[in-house]
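**Student:** Got a structure here, written out as structure tokens. Questions coming.
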Amino acid sequence: MAVITYLEAISQGLREEMRRDSDVIILGEDIAVFGGAFKVTRGFLEEFGADRVIDTPISESGFTGAACGAAVEGLRPVVEFQFADFIACAFDQIVNYAAKNYYRWGIPMPVVFRGPSGGGFRGGPYHSQNPEAWFTHVPGLKVVQPSTPYDAKGLLKAAIRDNNPVIYFEHKHLYRRIKEDVPDEDYIVPLGVADIKRKGSDLTIVTYGAMVHASLDVAERLSKEGAECEVIDLRSLSPLDRNTFLESVRKTSRALVVHEAQLTGGFGGEVAAIIAQDAFDVLDAPVTRVAALDVPAPFSAPLEDAMLPNPEKIYNAACKVLGY
Amino acid sequence: MDTAFLDPTLDRTTIKPDEILAPEQLTAWYRAMTLARKCDQKLAALYRQGKIVGAVYLGIGQEAICTGAVSLLQPNDYFSTVARGLAGWFLRGVEPKQVIARWLGRDVPPSHGRELGLFFADVERYGIAPYHNGSMASWIPSGAGFALAFKIKKQPRVYVAFTGDGATSPGDFYEGLNFAAIHKLPLVVIIENNCFAYSTTVDKQMPVANVADRAPAFNIPSEIAFGNDIFEVRRVAKRAIDHARAGKGPYLVEFKTFRTHGHGEHDDMGYVDAELRAFWERRDPLRLFREYLYGADGFGEAAVQALDNECTEVIEAAVIWAEAQPEPAPESVTQRIFAP
């Protein structure tokens, strides 16, 4: 065991998979010589060579399409988008080619798209987004978003070993802030399995990504005030582990859904709808959502702080649900 | 007047190979082109009868390009084309009955009713690589990816992308060729310039006279040739394929041709000038090939007629077979979203 950061966990997971399987290659902007904008792939070029660590031109659709083709031909490409926001440039290749390939032809396409996502450090409208809901709407794509170093490493390994396109959103604000003990030996975190990050009996908080940590802070505060929150980290949005949060809601009778992405059309709406439909009979309060405001991510600190969800907003919403 | 439709240096109304060809080769290519023509005509009829629903897209008039280029490929090379290159699919062993059954939405491989007959991919059996289902520029990047895999695995294989003039406008055309050119990938891009992107003429699609004029941006070789002459297609495509296979990087070929039917059969081509149509009808690829085969170097009219008859029978039997195939079960709709 060693204490490593979320970023180091991603880097380790990727390096171990590249050592394990020579078919794993990585492509992206500035990932080889420079080691990536966030240094996830620092040293990879030296270790694995230029055939497997490829600096691409600034053309997301081009290198995404190339990764998809190479995946059909037996390689297991991992594409790094420098910022998750830039995945918009490759949207067509992902939703119209990668997502539908197996359905159309029965030909697997094992490719991973890594997207450093999320706000909180003044990145502005094009370096702060959480675009997971653009993709959870598309059948044929798997979408994951780890919140801890352990999950980050294990989910990345599972994504690389999966025979389908997987979009892996890694929250930039967790990169160097979140650390934990991670086993030295090989392990995976299976896709489609949620994790209960804190046990509780009074309120279920369903969340993922950076908001897991904000929710855990709130759970700690509420515990001191006498209410126990169960914090469910979805980890995978597609496939979705419904049972874990439904079972929790059947126990607590109250549900709060939290994510950093904007509210309208956000993935939380899907979770809320499932709870409303499948656990309606046990609910003691309306299913409530906490999310970013429905505005683009602004640059200036007071604006971004006003836009993003935070422990205070989660706490206030939790109190409302608990007191309903 | 004719010079307004095609550069006179490219134009020809009789064709002749400049290589020694075996009768089996000529037969195979003529059969593939004739099967494609007759299959397309049958598809049009099935569409008018309401048996093919939605839309149907034909490649009549463009058969020589895919046939000539695919005839040069090794079995482990890949290519991708929509059904405008139907003859290329047939040359690789795809059977007309499979194509017709897929247009009818039947439960047959590889799509089991999930995809239009317009598209076909099966790498294992035919070396036809899967491609995007919409934008025809999108398989330049994925083609670069297949070529990248060949290069990384140090295999002397090539990938040939067949697409159209309209597909050279989207960004994927540039992004794919740019990536392939940087890495000197074995990618051959063959543009079937058939005068129209749906209804839009080339002069409204691009500020250059030829698609091939775009090649200098990638520092790759390019050629322009007459696409209705199968022998000319082979001459030019061979240079492109040899270049790519030798590790020298991508190659762009533009074949001038003409789409004699609409974008799809729902399109009456009201926007096409009668003289332009007549010009190209005199240069129909199957007609040119047939006239060559009638001559001293060919088989004579009777043998050609026998091949034509055989193809007619194949298509008739294919329709009967296809119509007898089951439709997919409704409950299968949720299957095969994810690979195991």
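**Student:** Here is a list of conditions, (1) loosely packed, with under 12 Cβ neighbours inside 10 Å; (2) within 20 Å of B:Gly85 (Cβ to Cβ); (3) of a type in the set (Ser, Thr, Tyr), and B:Thr334 meets all of them except one; can you say which number that is?
**Tutor:** Evaluating B:Thr334 over (1) loosely packed, with under 12 Cβ neighbours inside 10 Å; (2) within 20 Å of B:Gly85 (Cβ to Cβ); (3) of a type in the set (Ser, Thr, Tyr) leaves (2) as the failure.
**Student:** Going residue by residue through the stretch B:255-267, is there one that turns out to be surrounded by fewer than 19 Cβ atoms within 10 Å (Cβ to Cβ) and farther than 26 Å from B:Leu118 by Cβ?
**Tutor:** Scanning the stretch B:255-267, I find no residue that is surrounded by fewer than 19 Cβ atoms within 10 Å (Cβ to Cβ) and farther than 26 Å from B:Leu118 by Cβ, so the answer is no.
**Student:** Find all pairs meeting these conditions: Cβ atoms under 7 angstrom apart; at least six residues apart or on different chains; first residue within the stretch A:129-157 and over 17 Å from A:Ser117 (Cα atoms); second residue basic (Lys, Arg) and crowded, with 22+ Cβ neighbours inside 10 Å.
**Tutor:** Pairs found: A:Gly140/A:Lys100.
**Student:** Moving on. With respect to B:Lys184, is the statement that it is touching a residue at least 40 places away in the same chain (Cβ under 8 Å), out of contact with any strand residue (DSSP E or B) (no Cβ under 9 Å at 6 or more places or on another chain) and not aromatic (Phe, Trp, Tyr) true? Even if it seems obvious, please write down each step before you answer.
**Tutor:** Values: touching a residue at least 40 places away in the same chain (Cβ under 8 Å): yes; out of contact with any strand residue (DSSP E or B) (no Cβ under 9 Å at 6 or more places or on another chain): yes; not aromatic (Phe, Trp, Tyr): yes.
Taking the combined requirement at face value, the residue satisfies it.
**Student:** Any residue in the stretch A:167-180 that is surrounded by fewer than 23 Cβ atoms within 10 Å (Cβ to Cβ) and β-branched (Val, Ile, Thr)?
**Tutor:** Looking for residues that are surrounded by fewer than 23 Cβ atoms within 10 Å (Cβ to Cβ) and β-branched (Val, Ile, Thr), one finds at least one in the stretch A:167-180, hence yes.
**Student:** Please determine, by comparing only the residues of the stretch B:98-148 that are more than 26 Å from B:Gly171 (Cα to Cα) and among the aromatic types (Phe, Trp, Tyr), which one is surrounded by the fewest Cβ atoms within 10 Å (Cβ to Cβ).
**Tutor:** Here the residue is B:Tyr126.
**Student:** Sticking with this structure for a sec: Would you point out which residue out of A:Arg221, A:Arg176 is of a type in the set (D, E, K, R), closer than 30 Å to A:Arg122 by Cα and assigned to a loop (DSSP other than H, G, I, E, B)?
**Tutor:** Details: A:Arg221 fails: assigned to a loop (DSSP other than H, G, I, E, B).
The unique qualifying residue is A:Arg176.
**Student:** Among the residues of the stretch B:61-72 satisfying the criterion of being surrounded by 22 or more Cβ atoms within 10 Å (Cβ to Cβ) and not in a helix (DSSP H, G or I), which is farthest from the chain's Cα centre (by Cα)?
**Tutor:** Ranking the candidates gives B:Gly61 first.
**Student:** Now for a separate question. Of the residues A:Ala50, A:Ala84, A:Ala66, A:Ala32, which is out of contact with any His (no Cβ under 6 Å at 6 or more places or on another chain), within 11 Å of chain B (Cβ to nearest Cβ) and surrounded by 19 or more Cβ atoms within 10 Å (Cβ to Cβ)?
**Tutor:** A:Ala66
**Student:** Here's a check for you: in the stretch A:197-207, which residue that is in contact with a Leu (Cβ under 7 Å, 6 or more places away or on another chain) and surrounded by fewer than 24 Cβ atoms within 10 Å (Cβ to Cβ) is nearest to A:Asn130 (Cα to Cα)?
**Tutor:** A:Lys197
**Student:** Given the conditions (1) in contact with an Asp or Glu (Cβ under 8 Å, 6 or more places away or on another chain); (2) within 13 Å of another protein chain (Cβ to nearest Cβ); (3) surrounded by fewer than 22 Cβ atoms within 10 Å (Cβ to Cβ); (4) farther than 25 Å from B:Gly171 by Cβ, report the number of the one that A:Asp55 does not fulfil.
**Tutor:** (4)
**Student:** For the stretch B:40-48, check the following and say yes or no: at least one residue is in a loop (DSSP other than H, G, I, E, B) and aliphatic (A, V, I, L, M).
**Tutor:** The answer is no, given that none of the residues of the stretch B:40-48 is in a loop (DSSP other than H, G, I, E, B) and aliphatic (A, V, I, L, M).
**Student:** So, one more: For the stretch A:91-111, state whether one or more residues are within 19 Å of the chain's Cα centre (by Cα), surrounded by fewer than 24 Cβ atoms within 10 Å (Cβ to Cβ) and of a type in the set (D, E, K, R).
**Tutor:** No; the residues of the stretch A:91-111 include none that is within 19 Å of the chain's Cα centre (by Cα), surrounded by fewer than 24 Cβ atoms within 10 Å (Cβ to Cβ) and of a type in the set (D, E, K, R).
**Student:** Out of the residues in the stretch B:308-331 that are more than 17 Å from B:Asp40 (Cβ to Cβ) and surrounded by 15 or more Cβ atoms within 10 Å (Cβ to Cβ), state the one that is farthest from the other protein chains (Cβ to nearest Cβ).
**Tutor:** Step by step, filter the stretch B:308-331, then rank; the result is B:Trp321.
**Student:** Sticking with this structure for a sec: Look at A:Ile94 and say whether it is away from chain B (no Cβ under 12 Å), touching a strand residue (DSSP E or B) at 6+ places or on another chain (Cβ under 7 Å), in contact (Cβ under 8 Å) with a residue 40 or more places away in the chain and at negative phi. Break it down stepwise before answering.
**Tutor:** Numbers: away from chain B (no Cβ under 12 Å): no; touching a strand residue (DSSP E or B) at 6+ places or on another chain (Cβ under 7 Å): yes; in contact (Cβ under 8 Å) with a residue 40 or more places away in the chain: yes; at negative phi: yes.
When the stated conditions are applied, A:Ile94 does not pass them.
**Student:** Follow-up. Take the residues of the stretch B:168-179 that are within 13 Å of chain A (Cβ to nearest Cβ) and out of contact with any Gly (no Cβ under 7 Å at 6 or more places or on another chain): which is surrounded by the most Cβ atoms within 10 Å (Cβ to Cβ)?
**Tutor:** In this case the residue turns out to be B:Leu177.
**Student:** How many residues does the stretch A:208-249 hold that are among the charged types (D, E, K, R), closer than 21 Å to A:Lys153 by Cα and surrounded by fewer than 23 Cβ atoms within 10 Å (Cβ to Cβ)?
**Tutor:** 1
**Student:** Can you go through A:Ala255, A:Ala261 and tell me which one is over 20 Å from A:Lys142 (Cα atoms) and in the same structural domain as A:Ala297 (by TED's automatic domain parsing)? Walk me through how you get there before you give the answer.
**Tutor:** Numbers: A:Ala261 fails: over 20 Å from A:Lys142 (Cα atoms).
Selected residue: A:Ala255, the only one of A:Ala255, A:Ala261 that is over 20 Å from A:Lys142 (Cα atoms) and in the same structural domain as A:Ala297 (by TED's automatic domain parsing).
**Student:** If I go through the stretch B:143-166 residue by residue, how many of them are facing chain A (nearest Cβ under 7 Å) and out of contact with any His (no Cβ under 7 Å at 6 or more places or on another chain)?
**Tutor:** Number of matching residues: 6.
**Student:** What is the number of the single condition among (1) surrounded by 20 or more Cβ atoms within 10 Å (Cβ to Cβ); (2) more than 15 Å from the chain's Cα centre (by Cα); (3) within 17 Å of B:Ser138 (Cβ to Cβ) that B:Gly164 does not meet?
**Tutor:** With (1) surrounded by 20 or more Cβ atoms within 10 Å (Cβ to Cβ); (2) more than 15 Å from the chain's Cα centre (by Cα); (3) within 17 Å of B:Ser138 (Cβ to Cβ) applied to B:Gly164, the lone miss is (2).
**Student:** A:Thr41 fails exactly one of the following numbered conditions: (1) touching a strand residue (DSSP E or B) at 6+ places or on another chain (Cβ under 6 Å); (2) away from every other protein chain (no Cβ under 13 Å). What is the number of that condition?
**Tutor:** (1)
**Student:** State whether the residues of the stretch A:165-174 include one that is closer than 19 Å to A:Glu260 by Cβ, within 14 Å of chain B (Cβ to nearest Cβ) and touching a helix residue (DSSP H, G or I) at 6+ places or on another chain (Cβ under 7 Å).
**Tutor:** Yes: the stretch A:165-174 contains one or more residues that are closer than 19 Å to A:Glu260 by Cβ, within 14 Å of chain B (Cβ to nearest Cβ) and touching a helix residue (DSSP H, G or I) at 6+ places or on another chain (Cβ under 7 Å).
**Student:** Next up: Since A:Asp23 meets every condition but one in (1) in contact with a Lys or Arg (Cβ under 6 Å, 6 or more places away or on another chain); (2) within 14 Å of another protein chain (Cβ to nearest Cβ); (3) closer than 14 Å to A:Phe113 by Cβ; (4) of a type outside the set (A, V, I, L, M), which condition does it not meet?
**Tutor:** Only one criterion in (1) in contact with a Lys or Arg (Cβ under 6 Å, 6 or more places away or on another chain); (2) within 14 Å of another protein chain (Cβ to nearest Cβ); (3) closer than 14 Å to A:Phe113 by Cβ; (4) of a type outside the set (A, V, I, L, M) is unmet by A:Asp23, namely (3).
Conditions (1) in the same structural domain as A:Leu156 (by TED's automatic domain parsing); (2) touching a strand residue (DSSP E or B) at 6+ places or on another chain (Cβ under 6 Å); (3) of a type in the set (Val, Ile, Thr), marked per residue:
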{"site": "A:Asp55", "(1), (2), (3)": "yes, no, no"}
{"site": "A:Gly74", "(1), (2), (3)": "yes, no, no"}
{"site": "A:Val78", "(1), (2), (3)": "yes, yes, yes"}
{"site": "A:Asn130", "(1), (2), (3)": "yes, yes, no"}
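**Student:** Inside the stretch A:252-324, counting only helices (runs of 4 or more DSSP H) that do not spill past its ends, which hold 3 or more residues that are out of contact with any Pro (no Cβ under 7 Å at 6 or more places or on another chain), under 21 Å from A:Arg242 (Cα atoms) and modelled with pLDDT of 95 or more? Spell out the reasoning first.
**Tutor:** Details: elements: A:267-278, A:301-307, A:311-323.
The helices (runs of 4 or more DSSP H) meeting that bar are A:267-278.
**Student:** Taking the stretch B:14-40, which residues are under 27 Å from B:Thr163 (Cβ atoms) and surrounded by fewer than 15 Cβ atoms within 10 Å (Cβ to Cβ)?
**Tutor:** Passing the criteria: B:Glu19, B:Gln25.
**Student:** Counting residues that are aromatic (Phe, Trp, Tyr), which helices (runs of 4 or more DSSP H) fully inside the stretch B:231-340 reach at least 3?
**Tutor:** The helices (runs of 4 or more DSSP H) meeting that bar are B:285-294.
The values are calculated or read from the model by the stated rules, or taken from the named source; none is laboratory data. The shown structure was predicted, so the numbers you read here are calculated from the model rather than taken from an experiment. Backbone-built Cβ (ideal geometry, glycine too); neighbour counts: all protein chains shown.
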